[in-house]
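This report concerns only the one structure given below.
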Amino acid sequence: MNAKLIIGLAVSAALASISLSAQAGNTAGGLDAKTAEIVKRDFRDKGIAKATRVNQDELQAMCSKYVDKLPAKIKTRLEAEQTDAIKWPADGKYMGDWKAGEKLAQSGRGMTWSDKAEEPAGGNCYNCHQLSSKEIAFGTIGPSLLNFGKIRGNTEANQRYTYSRIYNAKAVNACANMPRFGHMGILSEAQIKDLVALLLDPESPVNK
Amino acid sequence: MNTSNVKKLIPLLVLATSCAATAAENEISDSDRIAQYREMISDGNPADFDEMRGEELWKTVAGPKQATLEKCDLGKGAGVVKGVYTELPRYFKDTGKVQDLESRLLTCMTTLQGIPEEEITAKPFASDKKASDISSLATYVVGQSKGIKMAVSTKHPQAKEAYEIGKRIFNYRAGPYDFACSTCHATSNVRIRMQDLPNLNVRKDAQTAYASWPAYRVSQGLTRSFQWRLNDCFRQQRFPEPKFASEATVALTMFLAVSANGGEYAGPGLKR
């Protein structure tokens, strides 16, 4: 093979890749890439909300791309990865104080650019779920959790399951609406335990 | 707006103030309070003040070039405001961009009046109980589209692309909570606490929601623009701040406006 031929091949390969990328602008993949580019350029730091927050992890990117309807293979893999990443309580206990949990469940604060870094985030629970029968201002994006413990039972297996759902809801359903409170560092281990107690403690207003 | 309208608004303001006081005393529900408030001001809306302010600004010389905005082309020719909002965002040949109302007003203020862009974008929204010029101008312009059907076109390839990108931004999940616009606005008949949420993938919901912005927010005592509405959504999504009039916000607006096509524009609206 002579030098001229090599150069000729290289040029035509380069040309082909240029025309391919021009076409890519109109395909779904090209538009996804362009969207990511625009989003990365058009958002900026404000307060505690840094511009880097628009960078997606694989789960966020996949759920966006497939509009929350993942191909089965990807869904299974992502859910397994999320499950493996759950950090279980070192003391093997899952239940905290339901009263602290109720306070946490009421608070919708946390992680917006108008929140302060030093103020701990709330659980945001009532924004989307019914919990205590006494609270009528509850949202309906998530299922009702009224009588959650009464229905499911306060067994250790259920405590562990409940802890995992709050820690990382995506371990069970990769594109769930619910935030990954433990996985993303929104709530501490102790706070998650308090919420488990709110849901499962027989004395909690959720089960009364 | 003429002087008889101004006179009409004075008793309205008195009523609005006394209404707020009564509501606080009786501890009636938010939706009742809004319904009562809406009825009281069915003859007008505090946003009318902002509309008047915007009209004044439109016709007053300003900036280093000492010009009015009466030669501003919002899509239907220089100076035309009637009905323009129902066809925005659209592709503009002179800038080579798809622009929404606020980004287009920004173009007019910088080119016709010579006001530096940074001066406008530093504080583009009403704050500290004070309106911003660009936001009042937007309120004035949208008021001239009341009762006209939304008819935003995606014929131009760039307009079509903006729509497609906007749709993707609507579904773009990110941040510590993994939220996208679609997390709250792609399911019917759900709410956050007591606040009903429109499903923006359903035409009727999208039409009603889009047609009611910009709006006077009773709780804030300010008229809020559409760019502000998107900005506050992203705040609650736990996202960083979208840059004012950026391509991302215009694309998202394009997606939402097209979803609202066919609906009668009804703003400026009135919200809790």
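Read-outs throughout are calculated quantities, based only on the coordinates presented, and are distinct from any laboratory measurement. Fair warning: this is a prediction, and the values are worked out from it, not measured in the lab. Cβ placement follows ideal geometry from the backbone for every residue including glycine, while neighbour counts extend to all protein chains displayed.
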So for B:Thr110, A:Thr27, B:Thr249, B:Thr121, fewest C-beta neighbours within 10 Å to most, what's the order? A:Thr27, B:Thr121, B:Thr110, B:Thr249
If you build a Gaussian network model of chain A, linking Cα atoms that sit under 10 Å apart, which residue out of A:Asp45, A:Asp115, A:Asp194 swings the most? A:Asp45
Suppose the Debye formula is applied to equal point scatterers at every Cα of region A:99-183; what is log10 I(q)/I(0) at q = 0.24, 0.27 Å⁻¹? -1.43, -1.51
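For the protein assembly as shown, rounded, prolate or oblate, judged on the Cα gyration tensor with a ≥ b ≥ c (square roots of eigenvalues), a/c < 1.5 rounded, else prolate if a/b > b/c? Working shown, then result.
On the way: a/c = 2.33, a/b = 1.17, b/c = 1.99.
Oblate shape, in that a/c is at least 1.5 and b/c is the bigger or equal ratio.
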Taking a straight Cα-to-Cα line shorter than 19 Å from B:Lys93, and setting aside same-chain lysines fewer than 8 residues away, one finds B:Lys71, B:Lys76, B:Lys155, B:Lys160
With +1 at each Lys and Arg Cβ and -1 at each Asp and Glu Cβ, the charge dipole magnitude of chain A around its Cα centre, to the nearest 20 debye, comes out at 440 debye
Inter-centroid distance (Cα atoms) of region A:70-137 relative to region B:96-111, Å: 42 Å
Extent along principal axes [Cα atoms of region B:45-271; Å; largest to smallest]: 49, 40, 35
Evaluate peptide A:114-122: per residue, the Cβ atoms of other protein chains within 10 Å of its Cβ; return the mean as an integer. 1
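Over 21 Å between Cα atoms: which of A:Lys116/B:Lys271; B:Lys167/B:Lys243; A:Lys50/A:Lys116; A:Lys50/B:Lys243; A:Lys34/A:Lys65; B:Lys97/B:Lys123 fall into that group? Spell out each step's value before the answer.
Numbers: A:Lys116/B:Lys271 27 Å; B:Lys167/B:Lys243 18 Å; A:Lys50/A:Lys116 13 Å; A:Lys50/B:Lys243 13 Å; A:Lys34/A:Lys65 13 Å; B:Lys97/B:Lys123 23 Å.
From the list (A:Lys116/B:Lys271; B:Lys167/B:Lys243; A:Lys50/A:Lys116; A:Lys50/B:Lys243; A:Lys34/A:Lys65; B:Lys97/B:Lys123), the Cα-Cα distance tops 21 Å for A:Lys116/B:Lys271; B:Lys97/B:Lys123.
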When you take every Cα atom in chain A, what is the radius of gyration, and what is Dmax, the widest Cα pair distance, in Å? 23.2, 85
